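The following block contains the structure, expressed as structure tokens.
What follows is calculated from the coordinates using simple rules that are stated; it is not laboratory data. Just so it is clear, the structure is predicted and the values come from calculations on it, not from any experiment. Note that each Cβ is placed from the backbone with ideal geometry, even for glycine, and that neighbours are counted across all protein chains shown.
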Amino acid sequence: MTQLTQTSLDSLQLCFYGAGSMAEAIVRGIINKELVQASRVSMLNRQNADRLTELNDRYGIQTILQGKENEAYLREADILFLAMKPKDAAEAIASIKHLISPNQLVISVIAGLSIQAIEKLLGDQVAVVRAMPNTSSTIGLGATGISYSDKVSKQQQLLTEAIFNSVGISTVVDESLQQAVTGVSGSGPAYVYYFMESMIESAISLGFSEEAAKELVVQTVLGAAEMVRHTGEEPAELRRKVTSPNGTTQAALELMAENDFAGTIQKGVHRSAERAGELGAAIERSISE
């Protein structure tokens, strides 16, 4: 990140509308990387005061409990994050239109919600970023797909990428690919967890204790991911290196192929992307009603 970007971000006010796990992950990243002081970050939600107290105690960020009204935080924000649940998005965003000005940057992390839909709710003069992080952002290992409206300046792009790079990696994609980002990396951690669950259950059925099974599987998955990253080799090539002809690995892989393991994964990824589109369409219908 350039010094200009660092200086610019440090001087801005950030507001998170929504105080769930994804909002917290981003807040943790930017504060831990010292991109911005906690006193310049505010978070708000609809009713949960206990959650706001927890976030203030943990990070020192500002909430309505520190004496300022939510409307003031929204008005004063240079960067506003939309992080509410998709089912609440249209109503919540429409309710703050009168507080938003064209010089603010709006970053949405709401699955399925298009830039066009946000512009309908807030006006087409607002600079809008659509981003899809994943839950690994919580530990600084997230993957985020980012798309920009044509109102987002180059400096605002740099700020956005600095923010999401503080919780992992980011890639800029055409908005038409955002549903695919959801299918691949947004929902992706759950696929890996599901695979790990099956591996752990298999290990237990073979006689391992639950603790030992989990330890072996976690290390195996971690090691395999690091091998891909460390060596730079393709997963297919690394798989071939592990697979001796007529050996144990080949026997397992052949059985998985017979049961369409790869096809099932591909169908799941496509279904996740499709569902993101359905959620977005539902939000847009609610806007038109």
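So how do 88-95, 255-262 stack up, highest first, on mean other-Cβ count within 10 Å?
The packing order, highest mean first, is 88-95, 255-262.
If you take the beta carbon distance between V242 and N56 as r and set R0 to 51 Å, what does 1/(1 + (r/R0)^6) give as a FRET efficiency, to the nearest 0.05?
Once rounded, the FRET efficiency stands at 0.55.
Relative contact order for the chain: what percent, with Cα pairs under 8 Å and sequence separation of 6 or more?
Contact order relative to length: 17 percent.
Once a ≥ b ≥ c are taken as the square roots of the eigenvalues of the Cα gyration tensor of segment 3-175, is the result rounded (a/c under 1.5), prolate (a/b larger than b/c) or oblate (a/b not larger than b/c)?
rounded
For segment 188-272, with the dipole built from +1 on Lys and Arg beta-carbon atoms and -1 on Asp and Glu ones, taken about the Cα centre, which of V269, A203, G223 lies farthest toward the positive end?
V269
Sticking with this structure for a sec: Measuring from label point to label point, each 7 Å out along Cα→Cβ, what is the Q250 to K267 span in nm?
It is 2.9 nm.
Then there is this: Out of (1) 57; (2) 50; (3) 38, which label holds the value of percent of Cα pairs over 26 Å apart that was computed here?
Among (1) 57; (2) 50; (3) 38, the one derived from this structure is (2).
Separate question: Quick one: work out the % antiparallel among DSSP beta bridges in the chain, nearest 5.
Beta bridges within the chain, antiparallel portion: roughly 15 percent.
Using Cα pairs closer than 8 Å and at least 6 residues apart in sequence, work out the relative contact order for segment 3-175, in percent.
23
Determine, for each peptide in 180-186, 65-71, 273-279, 139-145, the mean count of other beta carbons within 10 angstrom over its residues, then list the peptides with the highest first.
Output ranking for 180-186, 65-71, 273-279, 139-145: 180-186, 139-145, 273-279, 65-71.
Hey, with R₀ at 35 Å, roughly what FRET efficiency would S286 and M196 work out to, going by the Cβ-Cβ distance, to 0.05?
Approximately 0.45, to the nearest 0.05.
GNM on the chain, C-alpha springs below 10 Å: top fluctuator among V128, V221, V167?
Highest fluctuation among the options: V221.
Separate question: How high is the relative contact order of segment 188-272? Use alpha-carbon pairs under 8 Å, at least six apart in sequence, and give a whole percent.
After rounding, I find 18 percent.
Contour minus end-to-end for L206 and S21, with contour as 0.36 nm per residue of separation and end-to-end as the Cα-Cα distance?
So the chain would gain 63.0 nm between L206 and S21.
How much FRET efficiency would the formula 1/(1 + (r/R0)^6) give for E258 and D10, where r is the Cβ-Cβ distance and R0 is 45 Å, rounded to 0.05?
Working from the Cβ atoms, E equals 0.20.
For the chain, with only Lys/Arg (+1) and Asp/Glu (-1) charged at the beta-carbon, what is the dipole magnitude about the Cα centre, in debye rounded to 20?
440
Next question. Going by the alpha-carbon gyration tensor, a ≥ b ≥ c the square roots of its eigenvalues, is segment 188-272 rounded (a/c under 1.5) or, if a/c is not under 1.5, prolate (a/b greater than b/c) versus oblate?
rounded
Please identify the DSSP H helices in the chain that span no less than 20 Å along the helix axis (Cα) and have a mean Kyte-Doolittle hydropathy of -1.0 or more.
Correct list, ordered by number: 188-205, 210-231, 261-288.
Would you please give the residues with an amide H less than 5 Å from that of S42, counting only those at least 5 places away or on a separate chain, with H modeled from the backbone geometry?
L14, C15, F16, Q62
Using helices alone, I'd like the mean residue ellipticity at 222 nm for the chain: each DSSP H run of four-plus residues gives -39500 (n - 2.57), total over residue count, nearest 500.
Value at 222 nm, helices only, nearest 500: -17000 deg cm²/dmol.
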